[in-house]
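The values are calculated or read from the model by the stated rules, or taken from the named source; none is laboratory data. This structure is a prediction, so every number in the text was calculated from the model and none was measured. Reconstructed Cβ throughout: ideal geometry from the backbone, glycine too, with neighbour counts over all protein chains shown.
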Amino acid sequence: MIYLLVIVLLFIAELVYFRIADKYNIIDKPNERSSHTRITLRGGGIIYWVTALLYALLNPSETGWWFLGGITLMASVSLWDDINGLGQKIRLLYHLVAMTCAFYLANIFGIYPWWAILIGYVVFIGIVNAYNFMDGINGITGLYTLAVLLPMIYVNNYKLAFTENDFLIFPLLASIVFLFFNFRKRAKCFAGDVGSVSVAFWVVTLLLLLIIKTQNLIWIGFLMVYGVDAVCTIVHRIYLKQNIMEAHRLHFYQILANERKMDHREISLMYFLAQLVCSGLIIALYPVIGWWIFVILAVTLLTFYSMKFRLMKTAPN
């Protein structure tokens, strides 16, 4: 019953936000770097922050309040960026403080050496930004988030409990509600930075808790599809001597959407299924063959990613 109540409240929150966004002209205008062609409301992903607030209120605990503090920092700076634009240094400062909240609730200070914590800041803030960069077509953020959360829920319930189940279920409910408005041929709204960054922060917090609980980095493979696309695209852009912080259309999904004219929903489903398969194989085969499963999956995804260059050459003018 509580989950049904959360879904109803999230639908209401989303519809209220639509009125606010429409009144204050919080919209996404297509440009030469975009993968969409119509003006669309931006920031619909704010319901991930609303979900975090509901989680903290319904599950009062130190973990919930520290997480709410972190995601509030992420959401506020991202919403401001969605509305007026913001400098990279200010965004980075907010991300550092927010990640400190995640590290505190995961209880890593005083346990791990300073250099390991420093690497953690770089890696997890990098993941948050990569998640944001990958948000560019209808349905991809919501569906990919489901592909990350579902294996985590399985691990938490059938392998090793690493967090409260509601901490996994609540963002899943938010993704379902968001997809109702976003996973369409003509989306009602886009997540905006406030959505993609907020859900990315939730995902990396869960990933951090899982890694610490098991003392195993193999779970980073739950983000393998996004990871291969993001890292390879960064390398490609460095090779082209581009500013990697500027908008572009070189991700594999962007080539499929823009050059090959594939339906956004088909591409999003492809990423969703690819990550589910990768995560399922990691869960099933890591105990048998160890890190070889990670290597095999990475090489396979790299092979698929390399198809991008052939698609770019053969794209119709």
**Wholly enclosed helices (runs of 4 or more DSSP H) of segment 209-317 bearing at least 1 residues surrounded by 20 or more Cβ atoms within 10 Å (Cβ to Cβ) and touching a Pro at 6+ places or on another chain (Cβ under 6 Å)** = 264-289
**Request:** Of all residues in segment 52-63, count the ones that are crowded, with 21+ Cβ neighbours inside 10 Å and either in contact with a Ser or Thr (Cβ under 9 Å, 6 or more places away or on another chain) or at pLDDT below 85 (or both).
**Result:** 1
**Asked** Can you pull out the residues in segment 141-189 that are closer than 23 Å to GLU14 by Cα and not in a helix (DSSP H, G or I)?
**Response** PHE183, ARG184, LYS185, ARG186, ALA187, LYS188, CYS189
**Fill in**
When every residue in segment 109-144 that is of a type in the set (Phe, Trp, Tyr) and surrounded by fewer than 18 Cβ atoms within 10 Å (Cβ to Cβ) is compared, the one nearest to the chain's Cα centre (by Cα) is TYR121
**Message:** For segment 194-218, which positions are farther than 26 Å from TYR94 by Cα and touching a residue at least 12 places away in the same chain (Cβ under 8 Å)?
**Reply:** LYS213, THR214, ILE218
**Request:** Filter segment 82-94 for residues that are crowded, with 20+ Cβ neighbours inside 10 Å and in contact (Cβ under 8 Å) with a residue 40 or more places away in the chain and give the result.
**Result:** ASP82
**Complete:** Within segment 38-51, restricting to residues that are touching a Leu at 6+ places or on another chain (Cβ under 8 Å) and of a type in the set (A, V, I, L, M), the one that is surrounded by the most Cβ atoms within 10 Å (Cβ to Cβ) is ILE47
**Message:** Looking at ILE108 and the list (1) touching a residue at least 12 places away in the same chain (Cβ under 8 Å); (2) farther than 30 Å from LYS185 by Cβ; (3) assigned to a helix (DSSP H, G or I), which single condition is not satisfied?
**Reply:** (3)
